[in-house]
Amino acid sequence: VKAKNKNDYRFYTPEFDKETIWLAEIEEKMRQGLPRKEFVLYFQPIIDSSSHTVTYFEALCRWHNDDAIDIMPDIFIPIAEQSGLIGSLTTQLLHQACSFIKELDESNIRISFNISATHLQSQDFMSEIKAVFDKENVVPSCFIFEITETVLMQNWKRNVSLLNDLKLLGVEIAVDDFGTGYSSLGYLKRFPVDILKIDREFIRDLHHDAKNRIFVSAIVSMASALSLRIVAEGVENKEQASILAEMNCFLQQGYYYSKPLPILKVLRHLNSNSLH
Ligand code: C2E
Ligand code: CA
Ligand code: CA
Ligand code: CA
């Protein structure tokens, strides 16, 4: 196939070609989907297993479009990052999270909200976030921002001051996917971090794998020595839940308790059980 213009080099390699076209199609669909509000937040509870109550919710994005195949955030978030759409996607989602908080008004429930690496590095990050809080008139202390470990380590001087600014606003900071990245515990002293989320990789084989138990148990002790809260991700069964509880890791999240749910289901659930 002949390139239509000199920038169309992708036409020369069929495999690369397919992938590129597919990604470009998703990007285009995202561009169209954003103003149509196709991206919606689902909410997954973080449970305090010692009292069986919901402590807060993690907001997770879902893409509702007309296509038969669901595209999950593991695919579309990186595309949003590469194509520069992540800023507008995140502000739109933060608006949704604020509306949810306002609907929950008297229950004092907080939301843990994922912040992507590239968005955090962008110049406009703080002003965009602040603008949403101002416009929605929601207190930032209703929010926890989840940021992955590897991101924190890049550009750490800037990130320390950025996180300090967020903390001044009242936002708490959670280290997401803890244990998969840099994992030197020393850096935790430098960062104003409140919560560690142990990655699901370490929880998955907890009941079969003694090494994972030692690892998780060590993180839990260290976290409590540093006065950090700790959340176990991806808890799928009773065995995992009770091993974690024995280790004093009571904050747990996973399919064992609940999948991420659409807003209406969460509201129905909270109304019937008055969980808070
Ligand atoms: P994450 O932040 O580590 O989110 C946890 C993922 O684990 C979610 O996948 C959640 O649905 C899934 N999960 C929860 N409990 C279980 C369980 O018991 N077992 C298993 N196997 N999985 C469980 P999801 O929603 O597909 O999101 C994937 C990733 O995409 C997230 O990983 C996060 O990095 C990113 N993401 C999702 N929503 C957003 C968003 O609104 N903004 C940004 N920046 N990233 C997002
Ligand atoms: Ca997360
Ligand atoms: Ca995670
Ligand atoms: Ca993850």
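Observations on the structure shown:
Yes/no per residue for (1) touching a residue at least 60 places away in the same chain (Cβ under 8 Å); (2) exposed (fewer than 13 other Cβ atoms within 10 Å of the Cβ); (3) away from ligand 2 (no atom under 12 Å from the Cβ):
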| position | (1), (2), (3) |
| --- | --- |
| D165 | no, no, yes |
| F178 | no, no, no |
| K189 | no, yes, yes |
| F202 | no, no, yes |
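- For R110, the test of being within 18 Å of the chain's Cα centre (by Cα) and basic (K, R) is passed.
- Out of T118, T150, sole residue that is within 18 Å of Q92 (Cβ to Cβ) and at pLDDT below 90: T118
- Residue that is farthest from F202 (Cα to Cα), among those in the range 223-242 that are within 23 Å of the chain's Cα centre (by Cα) and assigned to a helix (DSSP H, G or I): S224
- Residue within the range 95-115 that is free of Cβ contacts under 8 Å to residues at least 60 places away in the same chain and more than 28 Å from L264 (Cβ to Cβ) present: no
- From the list E172, E239, E233, E146, the lone residue that is surrounded by 15 or more Cβ atoms within 10 Å (Cβ to Cβ) and away from ligand 4 (no atom under 16 Å from the Cβ) is E172.
- The single condition among (1) of a type in the set (A, V, I, L, M, F, W, C); (2) buried (at least 18 other Cβ atoms within 10 Å of the Cβ); (3) free of Cβ contacts under 8 Å to residues at least 60 places away in the same chain; (4) over 21 Å from Y42 (Cβ atoms) that F250 does not satisfy is (3).
- Verdict on I129 being crowded, with 16+ Cβ neighbours inside 10 Å, in contact with a strand residue (DSSP E or B) (Cβ under 6 Å, 6 or more places away or on another chain) and of a type in the set (A, V, I, L, M, F, W, C): no
- Scanning the range 43-76 for residues that are in a strand (DSSP E or B) and within 16 Å of ligand 4 (Cβ to nearest atom), we see that the one that is farthest from I101 (Cα to Cα) is R62.
- Here L196, L228 are screened, and the one residue that is in contact with a Lys or Arg (Cβ under 8 Å, 6 or more places away or on another chain), surrounded by 13 or more Cβ atoms within 10 Å (Cβ to Cβ) and in contact (Cβ under 8 Å) with a residue 24 or more places away in the chain is L196.
- Filter result (free of Cβ contacts under 8 Å to residues at least 40 places away in the same chain and among the hydrophobic types (A, V, I, L, M, F, W, C)) within the range 62-86: W63, A68, I69, M72, I77, I86
The values are calculated or read from the model by the stated rules, or taken from the named source; none is laboratory data. The structure presented is a predicted model; accordingly, all values stated were derived computationally and were not measured. Here Cβ is always computed from backbone atoms with ideal geometry, including for glycine, and neighbour counts include all displayed protein chains.
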